Amino acid sequence: VVSEAVAVSAGGSRCLALKPDGSVIGWGGNDHRQTNIPGGLSQVRAVAAGRNFSLALRKDGTVAAWGNNDYGQTKVPDGLAGVKAISAGYHHSIALLENGRVVAWGNNHNGQTDVPEGLEEVIAVSAGGWFSLALKANGEVVAWGNNDWGQASVPHGLTNVTMIAAGDEHSLALKSDGTVVGWGLNFYCQ
């Protein structure tokens, strides 16, 4: 049991928790040292757990990453700063900048790190298994990357979205009226 956590994230077979003092703890599977919190990591305001790697967003807007780096998912781009939010996918990472733009790195076999040209005014991001989602300030959802199950095919007419979530092969959107819309793989009624 972890006490006094202010945020949590689960990925692969392990978990991360953010403590009120800005420190991070990790537990569970550690085959790629993804739960070994880097020495000196502090002043963290958000955490994100990918399949076998971890991300932390510091209060100064910079990102720390550790764990598996087979696809460059923990190789934070040089000079990346002004980050507002982070998300970790299967083998890729996404950062939302304070200016509403998006930066992505890591595995790009399905175009999941090819941020659409001209994408701006973004207020939230979510990294799925092999695809990515962005929520724009106008309530529009933008998706890119793997679309084998339709997870990157945003339903026509979807508007007034306030929150997004990307699963391995499916997507969810919460609308302002409380309606949840899902698309993509549905073998398990997700």
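Quick notes on this one:
- Condition met for Ala10 (open to solvent by 50 Å² or more (accessible area, probe 1.4 Å), under 21 Å from Ala166 (Cα atoms) and free of Cβ contacts under 8 Å to residues at least 60 places away in the same chain): yes
- Exactly one residue out of Leu158, Leu119, Leu133, Leu174 is touching a residue at least 24 places away in the same chain (Cβ under 8 Å) and either over 20 Å from Gly12 (Cβ atoms) or open to solvent by less than 20 Å² (accessible area, probe 1.4 Å) (or both), and it is Leu133.
- Residue list for the range 36-71, filter: assigned to a loop (DSSP other than H, G, I, E, B), over 21 Å from Ala165 (Cα atoms) and in contact with a Phe, Trp or Tyr (Cβ under 6 Å, 6 or more places away or on another chain): Pro38, Asn68
- Only one entry of Gly89, Gly79 meets the criterion of being of a type outside the set (Phe, Trp, Tyr) and either in contact with a His (Cβ under 7 Å, 6 or more places away or on another chain) or on the phi > 0 side of the Ramachandran plot (or both), and that entry is Gly79.
- Of the residues making up the range 35-51, those that are within 24 Å of Gly128 (Cβ to Cβ) and either open to solvent by 40 Å² or more (accessible area, probe 1.4 Å) or at pLDDT 95 or above (or both) are Val44, Arg45, Ala46, Val47, Ala48, Ala49, Gly50, Arg51.
The values are calculated or read from the model by the stated rules, or taken from the named source; none is laboratory data. Here the structure is a predicted model, which is why all the values come from computation and not from measurement. With ideal geometry, Cβ positions are generated from the backbone for all residues, glycine too; neighbour counts draw on all protein chains shown. To get the accessible areas, we keep the full protein, side chains included, count just its heavy atoms, and leave off ligands, DNA and RNA. Shrake-Rupley method; radii C 1.70, N 1.55, O 1.52, S 1.80 Å.
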